[in-house]
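> Once you've had a glance at the structure underneath, I'll fire off some questions.
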Amino acid sequence: TDSSYYYSPFYKTGLDVLHLGNGVAVIPAFLFYEAILEQEELAIHAREVGGSAFYSPGISIGVFTIGEEVEELSFVKSGSSYYFRQFGGMGIGTLIYEPKYAATGTSCSAGPFHNASVGSVSFGNGVAVIPNYLFYNAKIAFGDFTVNIPTVGCYSFSGPDISFGDLTVGENVSSFLVNAGNHSRAFYDSKVEGNLNYNAKAARLDTEVSS
């Protein structure tokens, strides 16, 4: 998607309840951009979620589930910049992230949760990859937190508004992915206020460009 798709069908629309049908396979870029919604629960089970699809400071979700069916978080390209921002600016109480592997990319100007405020995060048991840029520049105080997923994407926990109490990198972590510039920086610019416990048995810096 390129920058010509900035016209949201539900721009500034006040929504009482949003229900996404079981047959929805693609949520288009900008679909609910700047919509207004306060809802206790919302789950996404579409195969693809477009750039800025839910981007809005006016959207607040208590429990937000990204289901295992999600395979791609696609971007919007503007000039030489790549914007994801699927859930940018949102307020989220609890995020449940379940995709085994959701593709993003190796270049990014704004991540899927750019400027989103998230209270807590839990990963499903089937998650094998934390995508590149997943929480890049999100606002999350993780508290004591364990990352024990085999593959950790570049810039995935990066940003000045991301903090941890004790951060544990678990035994199952085997690879830190890099972007097109060969940068990992998974925890770049974040803060670890307690102990960093590194327990990965044989993790490597994956120097192959990865998606």
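> Can you give me the long-range amide H partners of Glu38? Hydrogens built in the peptide plane at 1.01 Å from N, cutoff under 5 Å, separation of 5 or more residues or another chain.
Ser60
> Another question, if that's okay. Rounded to the nearest 0.05, what FRET efficiency do Leu15 and Tyr198 have when you use their Cβ-Cβ distance and R0 = 35 Å?
It comes out at approximately 0.20.
> Per residue, how much accessible area does the chain have with a 1.4 Å probe, in Å²?
Value returned for the chain: 46 Å² of accessible area per residue.
> Which residue, chosen from Tyr82, Ser117, Phe54, occupies the Cα position most advanced towards the positive end of the dipole of the stretch 18-134, where the dipole is computed from +1 (Lys, Arg) and -1 (Asp, Glu) charges on Cβ about the Cα centre?
Tyr82
> OK, next. Among the chymotrypsin sites (Phe, Trp or Tyr not before Pro) within the stretch 78-116, which fall in a DSSP loop and have no more than 13 other Cβ atoms within 10 Å of their own Cβ?
For chymotrypsin sites (Phe, Trp or Tyr not before Pro) across the stretch 78-116 that sit outside H, G, I, E and B with at most 13 neighbouring Cβ atoms in 10 Å, the list is empty.
> How would you order 22-35, 164-177, 42-55 from highest to lowest mean count of nearby Cβ atoms within 10 Å?
Those peptides, ordered most packed to least, come out 42-55, 164-177, 22-35.
> Below 25 Å, Cα to Cα, which lysines can Lys77 reach? Residues fewer than 8 away in the same chain don't count.
Lys12, Lys139
> Hey, another quick one. Say each of Ser78 and Ser107 gets a label point 7 Å from the Cα, pointing the same way as Cα to Cβ; how far apart are those two points in nm?
Between Ser78 and Ser107, the label points sit 1.6 nm apart.
> Compute the signed sum of charges (Lys and Arg +1, Asp and Glu -1) over the other residues within less than 14 Å, Cβ to Cβ, of Gly93.
-2
> Now for a separate question. Please turn the phi angles of the stretch 30-45 into ³J(HN,Hα) values with the Karplus equation 6.51 cos²θ - 1.76 cosθ + 1.60 (θ = phi - 60°), one per residue in order, whole Hz, x for glycine and proline.
6, 4, 10, 4, 6, 5, 10, 7, 10, 9, 5, 9, 8, 10, 10, 10
> From Cα pairs below 8 angstrom and at least 6 apart in sequence, can you work out the relative contact order of the stretch 19-141, rounded to a whole percent?
21 percent
> A further question follows. Whenever you get a sec, compute what percent of the accessible area on the chain sits on carbon and sulfur atoms (1.4 Å probe).
46 percent
> May I ask you to compute the full-extension gain from Ala25 to Ser120, defined as 0.36 nm times their residue separation minus their alpha-carbon distance, rounded to one decimal in nm?
Contour length minus the Cα-Cα distance gives 31.5 nm.
> Can you work out ³J(HN,Hα) from phi for every residue in the stretch 158-164, in order, using Karplus 6.51 cos²θ - 1.76 cosθ + 1.60 and θ = phi - 60°, giving whole Hz and x for Gly and Pro?
Calculated HN-Hα couplings, in order: 9, x, x, 9, 10, 9, 10 Hz.
> Could you check the simple spin-label distance between Ile36 and Asp144, using points 7 Å along Cα→Cβ, in nm with one decimal?
4.2 nm
> Quick one: what are the phi-derived ³J(HN,Hα) couplings along the stretch 97-110, Karplus 6.51/-1.76/1.60 with θ = phi - 60°, whole Hz, x for glycine and proline?
Going residue by residue, I get 10, 10, x, 5, 8, 10, 6, 10, x, 10, 9, 7, 9, 8 Hz, with x marking Gly and Pro.
The values are calculated or read from the model by the stated rules, or taken from the named source; none is laboratory data. Note that the structure is predicted; figures quoted are calculated from it, not measured. Note: ideal-geometry Cβ built from the backbone for every residue, glycine included; neighbour counts use all protein chains shown. Note: accessible area is taken over every heavy atom of the protein model, side chains too, but ligands, DNA and RNA are not part of it. Shrake-Rupley method; radii C 1.70, N 1.55, O 1.52, S 1.80 Å.
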